[in-house]
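Worksheet: one structure, shown below.
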Amino acid sequence: MSTQPNPFDITSYDLGDNKTGIDRLGVDRLFSNTHNNNHICLICSKIPKYRLIPKQDHLATAEIQDRGFICAYCIQQGYIDPDDYGLREL
């Protein structure tokens, strides 16, 4: 009877190949740290102050839902139309 590795053991099971070398725990750590308030402004890539909330259905695109954040500078410059988006402060 041979013992095979447990695929649910995140400390020892290897998900990579012989070149990558990332284990399951490493993958879990990468995915768990992806959304720790690392949002950037959709327009200028600065630290955002607001999340864009589309007021009309045709503006609710996947990009706005995933990356719909904007900084105060871009709002002051008028890069978005206040009639199209609501703003939720972060």
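Points to keep in mind about this one:
- Whole-number percent relative contact order across the stretch 50-89, with pairs defined as alpha carbons under 8 Å at least 6 apart: 67 percent
- Counting Lys and Arg as +1 and Asp and Glu as -1 over every other residue whose Cβ lies under 14 Å from the Cβ of K55, the net charge comes to -2.
- For the stretch 50-89, the extents of the C-alpha atoms along the principal axes are 24, 19, 15 Å, listed from largest to smallest.
- When peptides 60-66, 48-54, 79-85 are sorted by average Cβ neighbour count within 10 Å, with the highest value leading, the order is 48-54, 79-85, 60-66.
Bear in mind that the values in this text are calculations on the coordinates, not laboratory data. What you are looking at is a predicted structure, and each value in this text was computed from that prediction instead of being measured. Cβ coordinates were reconstructed from backbone atoms using ideal geometry, including for glycine residues, and neighbour counts include every protein chain displayed.
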